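Here's the structure we're looking at; comments come further down.
The values are calculated or read from the model by the stated rules, or taken from the named source; none is laboratory data. These numbers come from a predicted model, not from an experiment. Neighbour counts are summed over all protein chains in view; Cβ atoms, including those assigned to glycine, are modelled from backbone coordinates with ideal geometry. Accessible surface is based on the protein model in full, side chains and every heavy atom, while ligands, DNA and RNA are left aside. Shrake-Rupley method; radii C 1.70, N 1.55, O 1.52, S 1.80 Å.
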Amino acid sequence: MKNLSNLKKYPKILIGLVLAVSIGAISIFLYMNRVTDIDKMSMTYDQVFDTNILSQNITTSFKQTYQLKDYTVYGENLMLYEEQYSTESTDKLLGKNVLLKNLVNNQEFIFTFSGGVDSGIDLSQLDEGLYEIYVYDHYKQKRVYFSEEFVSEKFTTMRRNETVKTVTLHTERDFLSGIDVKMEKNYAFLMVMDNTPISSIYDIVLDPCGNTIDITSNSVDYGYSNEKISEAQSSYELALMVKEELEKYGLRVLISREQDEDLSYYGSNSRVGKGYESNAKVFISLGMVADDTIVYPYIITSPYTNALLANEIAYYMKGHGISMTPVSTESRLQEGVCFDVIYQGEQGDDFTSWEMYPQIRESGGKSTFAGQVAHASENKIYADSYGMYGLYFTYANINVDESIDYYLSNKEKIAKNLSKGILQYFRVEKQEK
């Protein structure tokens, strides 16, 4: 009888097991086929956002409009231009306010364009959504449109809390055809999506100076050295220390060369080429100088910027016990910051003027006119690319023993505070484990 009782229970047990297995299988299927952040990389707006809300908030024509012709991306900054970007004249968008309106939740952001390629729309600040773009022109709000239709290359911001933002600029009239909307003009839209970072995309490139192939003389510049210090070796060691600090905050950092590798700044396999190919946002060279007066570190930045990143780093380092060399009299620059020198072009150059340091000039893409100097023809493939925010951090002077001794005694502290200055500028916080 006892065995018979147990047999009567088996159908219930079997049914329970079948239900449990079925529910488990369905759950696994749903989980494996869920919409993940990584899927958004290839999705369109109507697959990510609520199309009913978009349809309610969209406007297809505007009385007041403002035509633009060009744009650049530098670091994490988007600049818009009324004319084609060049050095010949100041763009008329300078000083104007640009409004971004999120059609998903009606949230608005306002940015003031103040001239430098690092002073427009901070893409990292934008929440996920689809944005209309407006310009305030003589206090009138005007809808931005472009002279031509295009879809920009995808831009990926730096990692923050294991998340990145993927941004594309759209100006096609039929961009919203998925919700049966036809725009009157090539109105500009910014599409911003939160995504999981891809391992092949880097945030920062650290470039140890020394062991540099000079393509003009077909030789290798091994860098400064004496009995106390070797630029090639000390730059590489400093890069490793800075990399370790930055990666504590979840950033992905690439060093531009191996310890004993000789590389130039030109071509797809060069120092800057590695940065472009990895979609990095920042390119920082670490090197020395030969000067009779310099003692403490200083930073060189592009004259096409407002020196915002360099100023932040220098301010942070000085505030945390690092002495910085005064190298500029310009009031807008922090102590320890100067602009790169611009030279007039040589015979045969396609460009009339250019920056001295290839680390800064060739890493900034379109924003710093990469590939435009005659001997930089290998970088013409990056002439229209998004630019990395380029800096040259000079940590010691080979001609002054006091400078070398200061660096050797404070190199760990310099590495830590250089890293912290970068992190503070980009608002990257340490992740909780």
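Quick one: count up the residues across the range 370-400 that are in a helix (DSSP H, G or I), of a type in the set (Gly, Ala, Ser) and surrounded by fewer than 23 Cβ atoms within 10 Å (Cβ to Cβ).
2
Of all helices (runs of 4 or more DSSP H) completely enclosed by the range 253-369, which ones contain at least 1 residues that are of a type in the set (Asp, Glu) and within 20 Å of Thr394 (Cβ to Cβ)?
So the answer is 308-319.
Select from the range 222-240 the residues that are of a type outside the set (S, T, N, Q) and either within 24 Å of Ser278 (Cβ to Cβ) or assigned to a loop (DSSP other than H, G, I, E, B) (or both) and list them in ascending order.
Tyr222, Gly223, Tyr224, Glu227, Lys228, Ile229, Ala232, Tyr236, Glu237, Leu238, Ala239, Leu240
Just to check your reading of the model, which residue among Arg159, Arg143 is closer than 28 Å to Gly250 by Cβ, out of contact with any helix residue (DSSP H, G or I) (no Cβ under 9 Å at 6 or more places or on another chain) and at pLDDT 95 or above?
After ruling out the rest, the residue left standing is Arg159.
Can you find a residue that is open to solvent by less than 40 Å² (accessible area, probe 1.4 Å), at pLDDT 60 or above and either in contact with a Ser or Thr (Cβ under 7 Å, 6 or more places away or on another chain) or among the small types (Gly, Ala, Ser) (or both) anywhere in the range 49-57?
The answer is no; no qualifying residue exists.
For the range 281-338, what are the residues that are in contact (Cβ under 8 Å) with a residue 60 or more places away in the chain, over 13 Å from Asp118 (Cβ atoms) and among the charged types (D, E, K, R)?
Asp291, Asp292
Filtering the range 401-433 down to residues that are part of a loop (DSSP other than H, G, I, E, B) and closer than 23 Å to Thr301 by Cα, which residue is most open to solvent (accessible area, probe 1.4 Å)?
Per the criteria, the residue is Arg427.
Does the range 218-228 contain at least one residue that is within 26 Å of the chain's Cα centre (by Cα) and of a type in the set (Lys, Arg)?
Within the range 218-228, not a single residue is within 26 Å of the chain's Cα centre (by Cα) and of a type in the set (Lys, Arg).
Can you find a residue that is touching a helix residue (DSSP H, G or I) at 6+ places or on another chain (Cβ under 8 Å), charged (D, E, K, R), more than 30 Å from Thr51 (Cβ to Cβ) and open to solvent by 60 Å² or more (accessible area, probe 1.4 Å) anywhere in the range 214-232?
Looking for residues that are touching a helix residue (DSSP H, G or I) at 6+ places or on another chain (Cβ under 8 Å), charged (D, E, K, R), more than 30 Å from Thr51 (Cβ to Cβ) and open to solvent by 60 Å² or more (accessible area, probe 1.4 Å), one finds at least one in the range 214-232, hence yes.
Take the range 188-210 and flag every residue that is in a loop (DSSP other than H, G, I, E, B), open to solvent by less than 20 Å² (accessible area, probe 1.4 Å) and either aromatic (Phe, Trp, Tyr) or out of contact with any strand residue (DSSP E or B) (no Cβ under 6 Å at 6 or more places or on another chain) (or both).
Within the range 188-210, Asp203, Gly210 qualify.
Restricting attention to the range 241-250, does a residue exist that is at pLDDT 95 or above, outside any helix (DSSP H, G or I) and out of contact with any strand residue (DSSP E or B) (no Cβ under 8 Å at 6 or more places or on another chain)?
Yes, the range 241-250 contains at least one residue that is at pLDDT 95 or above, outside any helix (DSSP H, G or I) and out of contact with any strand residue (DSSP E or B) (no Cβ under 8 Å at 6 or more places or on another chain).
Of the residues Lys154, Lys185, which single one is within 25 Å of Ser363 (Cα to Cα) and open to solvent by 20 Å² or more (accessible area, probe 1.4 Å)?
Lys154
Would you pick out the residues in the range 138-151 that are over 24 Å from the mean Cα position of the chain (by Cα) and surrounded by fewer than 16 Cβ atoms within 10 Å (Cβ to Cβ)?
Correct list: His138, Tyr139, Lys140, Gln141, Ser147, Glu148, Glu149.
Would you check if there is a residue in the range 168-178 being assigned to a helix (DSSP H, G or I), among the small types (Gly, Ala, Ser) and open to solvent by 20 Å² or more (accessible area, probe 1.4 Å)?
yes
Is it true that Glu312 is of a type in the set (D, E, K, R), within 29 Å of Ser86 (Cα to Cα) and open to solvent by less than 70 Å² (accessible area, probe 1.4 Å)?
Here the answer is yes, as Glu312 does meet what is asked.
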